[in-house]
Amino acid sequence: MKAATIYEVAQRAGVSIATVSRALRGSELVTEATRARVRAAAAELRFTPNRSGRSLAEGRHAANGIVFPELVGPYYAEVVLGYEEAAAGFGSSVLILATLRRPDAADAVRELAGRVDGLAIMGQSVGDDVVEEIAATGLPLVLLARDPVSGVDTIRTRNEGTAASLTEHLLGHGYRSFAFLGDPEASPDVAGRYAGLSAALAAHGLDAPQPVPCGLDLESGRKAALKLLRDPPEAIVGANDEVALGVHLAALDASAAVAITGWDDLLAARFAGLTTVAQPMRELGATAARWLHERIAAPPPKPRRRVLPTQLVVRSSCGEH
């Protein structure tokens with residue numbers, strides 16, 4: 001009969017492998033109820049800890065996870081690169097899960113949580129109820145680019161304030177009619193950017209445009225722009241650079257003169273002369289990996305919150321600067 005693994009114990013008990021290790025060592029970091037559940041699962045599976053299993057569970061050769069809404073596009077690639085690079089420095093491998101179009105997204109995230117020592121969850125991959133459920137098992141968690149959940153570390157980038165600065169720059173050019181391409185309901189980041197735009201316009205006595213929901217990829221931006229350019233506004237604010245670059249292509253095809261801005265400062269944005277907002281995408285991922293390592297090694301007593309800075313980058317796409 002094949003010997004049970006620490007992963008199987010973790011899955012049966014509904015906890016991380018780090019929690020299994022701590023529970024079997026009698027660590028006070030684990031509640032008595034959780035220790036009892038882990039011991040019962042270990043007994044049922046006839047699990048016997050070994051040295052390599054303990055070292056894995058204790059983080060010396062750990063597997064950490066990261067969950068994304070999707071993996072298409074350079075933004076997510078940059079976050080992954082930062083996360084993997086930092087995790088590798090701690091001797092950790094990385095398991096990646098994308099939830100887009102998965103009917104079993106919550107179950108997939110729960111399953112991944114049972115296989116790793118720490119987990120980063122980005123954007124609206126799963127609901128707050130799933131985050132709270134996983135956090136209750138004792139698994140170290142970090143949330144990225146989403147609103148905080150009680151008791152869980154959260155890392156975000158500055159959206160609303162910098163979006164207001166971007167809008168002020170456009171207003172300084174004399175633009176008074178705006179469009180916003182992106183869905184605030186689908187992303188906390190996009191919601192913050194739209195809120196910043198709206199606040200800056202309101203400060204000048206202008207109504208915010210109704211957002212035009214679209215995906216965050218180039219083709220979605222291009223298709224949305226084709227409709228807008230039939231009666232174009234003076235400025236189109238894209239929720240990210242890919243959307244803005246799609247607008248740029250549509251404007252070229254239509255020979256339309258319109259100011260265009262994006263967000264992220266991707267390499268392609270620099271070649272296109274796109275006014276945008278630079279955000280530290282790799283640092284977002286790297287900080288998540290560092291915080292998870294710290295929580296696995298010696299958990300901080302309180303949840304942490306950090307907002308990484310972003311910066312307006314002015315180029316030619318919004319007019320002379």
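This model, with +1 at the C-beta of Lys and Arg and -1 at the C-beta of Asp and Glu, gives the chain a dipole about its Cα centre of some 1260 debye. For trypsin sites (Lys or Arg not before Pro), the sites in the stretch 136-232 that DSSP calls loop and that have at most 15 other Cβ atoms within 10 Å are 176, 230. Each of 122, 281 has some number of other Cβ atoms within 10 Å of its Cβ, and from fewest to most they run 281, 122.
Over the stretch 160-278, Cα pairs under 8 Å with separation of 6+ residues give a relative contact order of 24 percent.
For residue 104 and residue 40, the FRET efficiency from 1/(1 + (r/R0)^6), where r spans their Cβ atoms and R0 equals 22 Å, is about 0.25. Each of residue 234 and residue 33 was given a label point 7 Å from its Cα along the Cα-to-Cβ line. The distance between the two points is 6.0 nm.
With a ≥ b ≥ c taken as the square roots of the eigenvalues of the C-alpha gyration tensor of the stretch 28-168, please select rounded if a/c is under 1.5 and otherwise prolate if a/b is larger than b/c or oblate if it is not? Since a/c reaches 1.5 and a/b is larger than b/c, the shape of the stretch 28-168 is classed as prolate.
For a modelled paramagnetic label at residue 227, 7 Å from Cα along Cα-to-Cβ, the residues of the stretch 187-214 in reach, with backbone nitrogen under 20 Å, are 187, 190-191, 194, 208-214. The helix-based estimate of mean residue ellipticity at 222 nm for the chain, built from -39,500 (n - 2.57) per DSSP H run of four or more residues and divided by its residue count, is -14000 deg cm²/dmol to the nearest 500. In sequence order, the stretch 149-155 has phi-based couplings of 10, 3, x, 10, 4, 9, 10 Hz under the Karplus curve 6.51 cos²θ - 1.76 cosθ + 1.60, θ = phi - 60°, and Gly or Pro positions carry x.
Remark: the stretch 187-202, residue by residue, has Karplus-estimated 3J(HN,Hα) of 8, x, 4, 5, 4, x, 5, 5, 4, x, 4, 4, 5, 5, 5, 4 Hz, where x stands for each Gly or Pro and the curve is 6.51 cos²θ - 1.76 cosθ + 1.60 at θ = phi - 60°. The stretch between residue 203 and residue 136 holds 19.8 nm of extra length on full extension. This uses 0.36 nm per residue minus the Cα-Cα distance.
Using only alpha carbon pairs under 8 Å that are at least six residues apart, calculate the relative contact order of the chain and give it in whole percent. Over the chain, the number comes to 18 percent. Translational diffusion coefficient of the stretch 74-117 (Stokes-Einstein, Kirkwood radius from Cα pairs, 10 °C, 1.306 mPa s): 134 µm²/s.
Of the residues 293, 169, the one with the fewest other Cβ atoms within 10 Å heads the list, and the complete ranking is 169, 293. Would you mind checking which residues have amide H under 5 Å from residue 98's amide H? H placed 1.01 Å from N; only 5 or more apart, or other chain. Close amide H contacts, sequence-distant or interchain: 68.
Put simply, the amide H of residue 154, placed in the peptide plane, has neighbours under 5 Å in 143, 304, 305, 306, leaving out anything fewer than 5 places away on its chain.
Scanning the chain for GluC sites (Glu not before Pro) in DSSP loops with at most 14 neighbouring Cβ atoms within 10 Å leaves 29-184 as the longest stretch between them. Here the chain is treated as a Stokes sphere of Kirkwood radius computed over C-alpha pairs; at 20 °C and 1.002 mPa s its diffusion coefficient rounds to 102 µm²/s.
Every number in this text was worked out from the coordinates using simple rules, so none of it is lab data. Quick caveat, the model's predicted, so the values are computed rather than measured. Positions of Cβ are backbone-derived with ideal geometry, glycine not excepted, and every protein chain shown enters the neighbour counts.
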